[in-house]
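Novice: One structure coming up, written as structure tokens, with questions to follow.
What follows is calculated from the coordinates using simple rules that are stated; it is not laboratory data. Keep in mind it's a predicted model, so treat the numbers as computed, not measured. Backbone-built Cβ (ideal geometry, glycine too); neighbour counts: all protein chains shown.
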Amino acid sequence: MAWRIPLADIDFDMQEEEAVLRVIRSRWLSMGEETQNFEREFAEFIGAKHTLAVSNATAALHLACIAAGIQTGDEVIVPSLSFVATANAVRYAGGIPIFADVESADDLVISPSSIEKSISEKTRAIMVMHYAGYACDMPAIMDIAKKYNLLVLEDSAHAIGAELDGRKLGAWGAIGCFSFFSNKNMTTGEGGMLATNDDALAERLKILRSHGMTSLSWDRHKGRAWTYDVVDLGFNYRIDEIRAALGRTQLKKVSGFNQRRAELTNLYRDLLSELTPEICAPFAKPRGASCHHIMPILLPKGTDRIKFMEGMKAEGIQTSIHYPPIHYFKNYAGQTQFLREPLPVTEEIGMRETTLPLYPAMTDEDVKAVVSAVRLALDAEP
Ligand SMILES: Cc1ncc(COP(=O)(O)O)c(C=O)c1O
């Protein structure tokens, strides 16, 4: 389907083409100099001591859970209002995700009071997710973690460049995990990054990323090592040089992208409140500076969401849902072990949330067209 206005779009130009050519001409394709430079530049951007590029954020979340020491039967508190990878990663490590509710219909991030109610003897960590790039209440969550001796892991897939109290999201907890999937604020197609300030965690993550080996092909190519030992049960979660080069190019642009996303979000907010006052646009009073990854709205109670989305499609506009709550999925539903607390806010949002298009190349006219289509689709409701 050729959408008039898609949900998301990449922003590549000659610079990305040149970056790819540079790698091809260098004749070194997997983790090497580009990857090292990408990691160093991303570390500076995020304000973290260590960063490790990986194949995607799901791999980053998996490694973060292992490095955090999650083992069979350990509990990790996660939001159900997230992408399924947030919870799956806990299960890959043998842990049990315990779903906590989100704050409110205006603030779609994990609630500190719901986190505290979900803690048990088996809880080892809290995995937060900065929905749409809006910060969770990190000071409150860090206090809870300290009180109960838990690690905080950050699913920062949405949060590239967002910050709270002058600190970038993904650099608050023990480990931050970023995604460079093609709809993200900066992209390498597939790709991810781990960030940590802890030397020991960084060392373990590095070993786990590449089969548990003590040296890389790159080290041997450079004559720095002849052989290796295998000291952990690792994975192949490496990134390649083409993606790292794309990442370096996109990183130079991401602050500009985020600025444009902020302008578009403000325009959406103004037009929605003027033309569709029955629509709620969450995060009216955001904590910190968002990077505006997506544009969520809550439809009026009782609206047939699928009919609404079909109405938008008829105007050539793509919409989405962020997210069907994870505890509703077949692979999770009916397993009472994942639920300790009722999740009324998550369930309400799960029924009403719809995501409108948002990407830096959108024009103001595009935003106006989307809001006009929202008006039409609402008016078509019986
Ligand atoms: C909140 C969240 N967590 C994790 C992921 C997984 O990222 P990746 O596709 O890079 O594995 C995504 C990707 O959409 C996401 O939105």
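Novice: Provide the per-residue ³J(HN,Hα) series for segment 124-136, in order, calculated from phi with Karplus coefficients 6.51, -1.76, 1.60 and θ = phi - 60°, each as a whole number of Hz, with x at glycine and proline positions.
Specialist: Running phi through 6.51 cos²θ - 1.76 cosθ + 1.60 with θ = phi - 60° gives 10, 8, 10, 10, 8, 9, 7, 4, 6, x, 9, 5, 5 Hz.
Novice: Taking just the alpha carbons, could you work out the radius of gyration and Dmax for segment 254-379, both in angstroms?
Specialist: Expressed in Å, the Cα Rg and Dmax of segment 254-379 come to 15.9, 48.
Novice: What's the FRET efficiency of residue 305 with residue 14 using the Cβ-Cβ distance as r and R₀ = 41 Å, to the nearest 0.05? Intermediate values should be presented prior to the final figure.
Specialist: Details: r = 41 Å, r/R0 = 0.99.
Result of the calculation: an efficiency of 0.50.
Novice: Still on this structure, I have one more. With the cut-off at 20 Å, tell me which of the pairs 146/285; 313/368; 147/168; 168/252 have Cα atoms farther apart than that.
Specialist: Working: 146/285 27 Å; 313/368 16 Å; 147/168 23 Å; 168/252 16 Å.
Violating the 20 Å Cα-Cα cut-off are 146/285; 147/168.
Novice: How do the peptides 117-125, 25-33, 154-162 rank, highest first, by the average count of neighbouring beta carbon atoms within 10 Å per residue?
Specialist: Going by the mean number of other Cβ atoms within 10 Å, highest first, we get 154-162, 117-125, 25-33.
Novice: Continuing with this model, one more query. Net charge near residue 140, counting Lys/Arg +1 and Asp/Glu -1 over other residues with Cβ under 15 Å of its Cβ?
Specialist: Numbers: positive: 117, 146, 147, 167, 287; negative: 101, 103, 107, 116, 137, 143, 154, 165.
Local charge sum for residue 140: -3.
Novice: Using DSSP, restrict attention to beta bridges with both residues in the chain and report what percent are antiparallel, rounded to the nearest 5.
Specialist: 55
Novice: Taking the Cα centre of the chain as origin and charging only Cβ (+1 Lys, Arg; -1 Asp, Glu), how large is the dipole, in debye to the nearest 20? List each step's numbers first, then the result.
Specialist: Details: 40 positive and 50 negative charges, 179 e Å.
Roughly 860 debye, rounded to the nearest 20.
Novice: So what is the relative contact order for segment 243-382, in percent, with contacts set as C-alpha pairs under 8 Å and at least six apart?
Specialist: Working: 141 pairs, mean separation 48.6, N = 140.
In percent, rounded to a whole number, it is 35.
Novice: How many times 2.2 N^0.38 Å is the alpha carbon radius of gyration of the chain? Don't jump to the answer; show the numbers that get you there.
Specialist: On the way: Rg = 21.1 Å, N = 382, 2.2 N^0.38 = 21.1 Å.
That works out to 1.00 for the chain.
Novice: Also, quick follow-up: In segment 65-170, what is the volume of the convex hull around the alpha carbon atoms, normalised per residue and reported in Å³?
Specialist: Values: hull volume 9.6 nm³, N = 106.
Measuring per residue, one finds 91 Å³ for the Cα hull of segment 65-170.
Novice: Report, by chain and number, residues whose modeled amide H sits under 5 Å from the one on residue 100, excluding near sequence neighbours (fewer than 5 apart, same chain).
Specialist: When sequence neighbours closer than 5 places are left aside, the close amide H contacts are 78, 80.
Novice: Further, regarding this structure: May I ask which residue of 296, 83, 53 lies farthest towards the positive end of the charge dipole of the chain, with charges of +1 (Lys, Arg) and -1 (Asp, Glu) on Cβ and the Cα centre as origin?
Specialist: 53
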